[in-house]
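A quick write-up on the structure given underneath.
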Amino acid sequence: MAVEFLTLADCSLAYQRQVGDADRPGIVFLSGYASDMEGHKAQYLAERCAGAHISFMRFDYRGCGLSPGVFTDSTIGAWLQDSFAILDILTKGPQIVVGSSMGGWLGLILASARPERVKAFVGIAAAPDFTEELVWEKLTDAGRKVLLREGRIFDGENPSHERAPITLRLIEEARTHLILRTPFTLPCPARLLQGKKDGEVPYAYAQRIADHIGGDARVTLVEDGDHRLSTPENLELLWQTVGEFL
């Protein structure tokens with residue numbers, strides 16, 4: 001599948017689009033923090049959608065993957081703007097939004113703001129508000145001092161090749177997009193897949209999200225699932241979950 005580019009006023013976004021049957025909803029995939037459209041879950045969904053003649057859209061946020069830009073210059077708001085542009089400009093008809101980790105945060109906002117376009121939301125270890133609750137609030141005093149002094153920190157628990165910087169700018173700007181501390185309405189069904197062995201997002205987080213958004217929200221806990229949920233069994237569960245709305 002060829003990579004194309006959507007040119008916006010302040011950036012250019014790399015994307016891959018598959019066109020399926022017009023009478024069925026499409027799928028838009030939102031990747032996680034510092035990830036891109038070549039990840040296992042995106043690749044898997046692309047293959048399954050191609051076989052089932054379902055439209056599928058995946059893309060790279062600005063500064064990620066093949067999209068130009070400096071990763072550390074970006075914010076939740078900028079990546080949210082990218083997500084809206086992809087949905088509004090490049091897709092037609094009802095869509096199922098699938099969001100992984102940070103993509104779950106963006107996807108929830110997308111689904112809430114576009115009730116006429118988003119038929120359902122599927123979260124994979126969805127991490128709304130992660131910059132505040134899973135980063136800032138868990139930092140030690142020493143860690144906060146480093147962040148405030150240097151403007152960025154790195155996750156020391158991950159292997160060096162997987163470490164993505166968390167900037168002070170990211171955390172501060174993200175406070176304008178928090179959804180778990182204020183009333184939040186999701187007008188479409190939500191399905192949240194969450195591994196119980198997730199080392200980044202506590203599995204109780206998924207139920208908290210479901211309780212907060214209310215409505216038709218269901219949580220599926222995967223006993224041996226980690227944060228990626230990318231094993232063959234996890235991916236099949238993802239496809240079955242998405243299939244409820246196809």
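The values are calculated or read from the model by the stated rules, or taken from the named source; none is laboratory data. These numbers come from a predicted model, not from an experiment. Ideal geometry is used to build each Cβ from the backbone, glycine not excepted, and the neighbour counts take in all protein chains shown.
Inspect the stretch 156-171 for any residue being modelled with pLDDT of 95 or more and acidic (Asp, Glu) and give the result as yes or no. Scanning the stretch 156-171, I find no residue that is modelled with pLDDT of 95 or more and acidic (Asp, Glu), so the answer is no. Would you check if Tyr33 is more than 20 Å from Cys188 (Cβ to Cβ), in contact (Cβ under 8 Å) with a residue 12 or more places away in the chain and either out of contact with any strand residue (DSSP E or B) (no Cβ under 8 Å at 6 or more places or on another chain) or not in a strand (DSSP E or B) (or both)? Here the answer is yes, as Tyr33 does meet what is asked. Criterion applied to Glu38, Glu4, Glu47 was being closer than 16 Å to Trp239 by Cα and among the acidic types (Asp, Glu), and the one residue passing it is Glu47. Screening Gly32 against (1) surrounded by 22 or more Cβ atoms within 10 Å (Cβ to Cβ); (2) in contact with a Pro (Cβ under 7 Å, 6 or more places away or on another chain) leaves a single unmet condition, (2).
Listed here are the residues, each with its yes/no results for (1) closer than 19 Å to Tyr44 by Cα; (2) modelled with pLDDT of 95 or more.
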| residue | (1), (2) |
| --- | --- |
| Ile209 | no, yes |
| Leu221 | no, yes |
| Leu229 | yes, yes |
| Thr241 | yes, yes |
| Leu246 | yes, no |
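To keep it simple, each residue is scored yes or no on (1) closer than 25 Å to Ala125 by Cα; (2) surrounded by 22 or more Cβ atoms within 10 Å (Cβ to Cβ); (3) in contact with an Asp or Glu (Cβ under 8 Å, 6 or more places away or on another chain).
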| residue | (1), (2), (3) |
| --- | --- |
| Ala14 | yes, no, yes |
| Asp21 | no, no, no |
| Gly39 | yes, no, no |
| Glu47 | yes, no, no |
| Phe56 | yes, yes, no |
| Leu66 | yes, no, yes |
| Leu80 | yes, no, no |
| Ile89 | no, no, no |
| Lys92 | no, no, no |
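May I ask you to say which residue of Ile179, Ile209, Ile171 is β-branched (Val, Ile, Thr), closer than 17 Å to Ser112 by Cα, in contact (Cβ under 8 Å) with a residue 12 or more places away in the chain and not in a loop (DSSP other than H, G, I, E, B)? Answer to the selection: Ile209.
Remark: pairs (first residue in the stretch 125-149, under 22 Å from Ile213 (Cα atoms); second residue modelled with pLDDT of 95 or more and of a type in the set (Ser, Thr, Tyr); Cβ separation under 6 Å; 6+ apart in sequence or on different chains) = Ala125/Ser101; Ala127/Ser101.
Taken over the stretch 108-150, residues that are in contact with a Ser or Thr (Cβ under 8 Å, 6 or more places away or on another chain), charged (D, E, K, R) and not in a loop (DSSP other than H, G, I, E, B) amount to 0. Got a sec? Which of Thr131, Thr75, Thr176, Thr167 is surrounded by fewer than 16 Cβ atoms within 10 Å (Cβ to Cβ), hydroxyl-bearing (Ser, Thr, Tyr) and at negative phi? On inspection, the qualifying residue turns out to be Thr176. Somewhere in the stretch 195-211, is a residue surrounded by 14 or more Cβ atoms within 10 Å (Cβ to Cβ) and over 18 Å from the mean Cα position of the chain (by Cα)? Yes: one or more hits.
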